[in-house]
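Written out below as structure tokens is the structure these notes cover.
The values are calculated or read from the model by the stated rules, or taken from the named source; none is laboratory data. Here the structure is a predicted model, which is why all the values come from computation and not from measurement. Backbone-built Cβ (ideal geometry, glycine too); neighbour counts: all protein chains shown. What goes into the accessible areas is simple: the full protein's heavy atoms, side chains included, and nothing from ligands, DNA or RNA. Shrake-Rupley method; radii C 1.70, N 1.55, O 1.52, S 1.80 Å.
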Amino acid sequence: MMSATHSKEETTFDPTPLLSTRIQRYAPGAIRRLLPLENFPGMISLVAGKPNPEVFPFEKITLSLKGSSKQIILTQEDGLADGLQYGLPGGNPDLVKWFKDFQCELHGINRDQEWTCCIGNGSQELLHRTFQVLTDPGDPVLIETPAYPGVVGFLQAEDYKLVQAKTDRHGLDTFELERLLSRWPENQSRPKLLYTIPTGSNPTGRSCPEQRKIEILRLAKRFNFMVLEDDAYYFLNFEDESNGKPRSYLALEREVNREIGRVIRFDSMSKIVSAGMRLGVLTGPLPIVKNVIKLTENINLQPSSTTQMLALSLFRHWGHAGFLEHCAKASEFYRQKRDTFASAAEIHLKHRAIWDIPTAGLFFWITLRLPPGEDTFELLSKKGMEYGLLAIPGVAFMPDNSKTCQLRASFSLVTEEQAYEACRRMAQLVDDAWRDWVRKFVPGCTDKNGLSNPTTTVLS
Ligand SMILES: Cc1ncc(COP(=O)(O)O)c(C=O)c1O
């Protein structure tokens, strides 16, 4: 019913029946729809309220790259004119094509099938748009938990029913998810999507192994939901990639389900090119991409032309291989930072906390061994401030706002010295919490400094 037959064995899933009520109230933008026609030979366009570039003050832009003597010069004839002007809501067609080619190479997807890419001002914008396209306020949404607060924030504000898809050390717990979905009450609408971060999750730093992805894809088909693959840390993987990059949901979908069209993938250029440029890419089935673009043209018209022009000239200069080479260098940079932080944690937090070594991304997810009833929100907001330690308490990543003994520590910016000092201060927070607890609950303990080494004494 939902799938149009593609070949004898393979189908293309059509997500149109899953579209939200709200997206159907939006009409395509009246002006931007006509813009591609301006390029017809001989056409005189009186359509767009485009400013005349003669009044723009820029003559050319010169890009100088670190470690290279070559400069990229953008003149009016060579990219600058487009980069300073209004553009299409789905993004600069040349940049879209660049990414489509790249996705084919990275994820082995077939160019002829019914998918495409569009560009956004960061993947965050595209994530928000996609939720708008697929869901209405109040809908149930499966969300990988601990969850990225950038998504939880707007979902909570619109009163969504956030259904926590639990994770363990290896990413999404598929057994639990299957149990949850097979017991879903008959009289309640079912979730239409699962939001997940498969590589170096924010906040846990964990990556989802291929077998889990396969199980999730099977569940997606069985229970008819879309998979929103937010792979913001895909290019910052610390694992050995000599046999290729880990396969994404997008790459696996066809092989696992003999079907395409259930995966919507989000890539972000923030962690590898520039966060301030605001450049993200959505790759997904045509009906979803078209509707995301429809929202863009109605809301903020388009992603930044200037950013796209800079990115396109950089990517053309690099080519796919140069892009990946740059990512490998960035991954190595962060792998060293991760190792430094891991050594610091080992020295200062060994009996005071538990953590896994992140396999990708920018974060350590640390569980502090706190006294009963204590949580990291209280601890960080009071003592953390006093000791000069900022980290995000676990509660920020819990869609149900439950308090936890966990925190997210980002290792991307800290120096070696700061990493050691941060872990020492964290250890001090744990020790103080136990000291206070002992003073409060252990009869006869009146020593104002508490026990000499409360952590090891109480925990052992
Ligand atoms: C998991 C995840 N998704 C999306 C984003 C947003 O990325 P962008 O800067 O491309 O909007 C972030 C940013 O930190 C993130 O951690």
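Does Ala48 qualify as being in contact with a helix residue (DSSP H, G or I) (Cβ under 7 Å, 6 or more places away or on another chain), over 30 Å from Ile260 (Cβ atoms) and assigned to a loop (DSSP other than H, G, I, E, B)? In short, yes. Restricting the range 92-143 to residues that are over 26 Å from Ile216 (Cβ atoms) and within 20 Å of the chain's Cα centre (by Cα) leaves a set whose member that is farthest from the ligand (Cβ to nearest atom) is Val96.
Contact map, the range 149-166: residues that are open to solvent by 40 Å² or more (accessible area, probe 1.4 Å) paired with residues that are among the charged types (D, E, K, R), Cβ distance under 9 Å, separation 6+ or inter-chain. Pairs shown: Glu158/Asp136; Lys161/Asp139; Gln164/Glu144; Gln164/Asp400; Lys166/Glu144; Lys166/Asp173; Lys166/Glu176.
Return the residues of the range 59-74 that are part of a loop (DSSP other than H, G, I, E, B) and surrounded by fewer than 13 Cβ atoms within 10 Å (Cβ to Cβ); say none if nothing qualifies. If you could, list the steps in order and put the result at the bottom.
First pass over the range 59-74, keeping only residues part of a loop (DSSP other than H, G, I, E, B): 59-60, 65-70.
Within the range 59-74, Glu59, Lys60, Lys66, Gly67, Ser68, Ser69, Lys70 meet the criteria.
Trp355 falls short on exactly one of the conditions (1) in the same structural domain as Pro393 (by TED's automatic domain parsing); (2) within 20 Å of the chain's Cα centre (by Cα); (3) away from the ligand (no atom under 16 Å from the Cβ), and that condition is (2). Give the range 300-344 a look and list any residue that's surrounded by 14 or more Cβ atoms within 10 Å (Cβ to Cβ), aliphatic (A, V, I, L, M), over 21 Å from the mean Cα position of the chain (by Cα) and modelled with pLDDT of 95 or more, or say none. Residues satisfying the conditions are Met309, Leu310, Leu312, Leu314, Ala342, Ala344. Filtering the range 212-235 to residues that are of a type in the set (A, V, I, L, M, F, W, C), open to solvent by less than 10 Å² (accessible area, probe 1.4 Å) and within 11 Å of the ligand (Cβ to nearest atom) leaves only Leu228. The residue that is farthest from the ligand (Cβ to nearest atom), counting only those in the range 262-288 that are open to solvent by less than 30 Å² (accessible area, probe 1.4 Å), closer than 21 Å to Ala311 by Cα and among the β-branched types (Val, Ile, Thr), is Thr283. Filtering the range 404-438 to residues that are within 23 Å of the chain's Cα centre (by Cα) and among the charged types (D, E, K, R) leaves only Arg408.
Look at the range 110-121: where a residue is more than 9 Å from Gly90 (Cβ to Cβ) and a partner is away from the ligand (no atom under 16 Å from the Cβ) and part of a strand (DSSP E or B), sitting 6+ places away or on another chain with Cβ atoms under 6 Å, you get Gln113/Ile260; Glu114/Thr12; Trp115/Pro285. When Pro185, Pro203, Pro198, Pro209 are screened for being within 19 Å of the chain's Cα centre (by Cα) and open to solvent by 10 Å² or more (accessible area, probe 1.4 Å), only Pro209 passes.
Restricted to the range 278-294, and to residues that are among the aliphatic types (A, V, I, L, M) and in a strand (DSSP E or B), which residue is nearest to Phe315 (Cα to Cα)? Before you say what the answer is, go through the steps one by one.
Kept after step one, since they are among the aliphatic types (A, V, I, L, M), are these residues of the range 278-294: 279, 281-282, 286, 288-289, 292-293.
Restricting the remaining residues to those that are in a strand (DSSP E or B) gives 281-282.
Working: Val281: 14, Leu282: 17 Å.
The residue in question is Val281.
Taking the range 347-383 as the range and being touching a Lys or Arg at 6+ places or on another chain (Cβ under 8 Å), over 21 Å from Pro149 (Cα atoms) and not charged (D, E, K, R) as the test, the residues that pass are His348, His351, Ala353, Ile354, Ile357.
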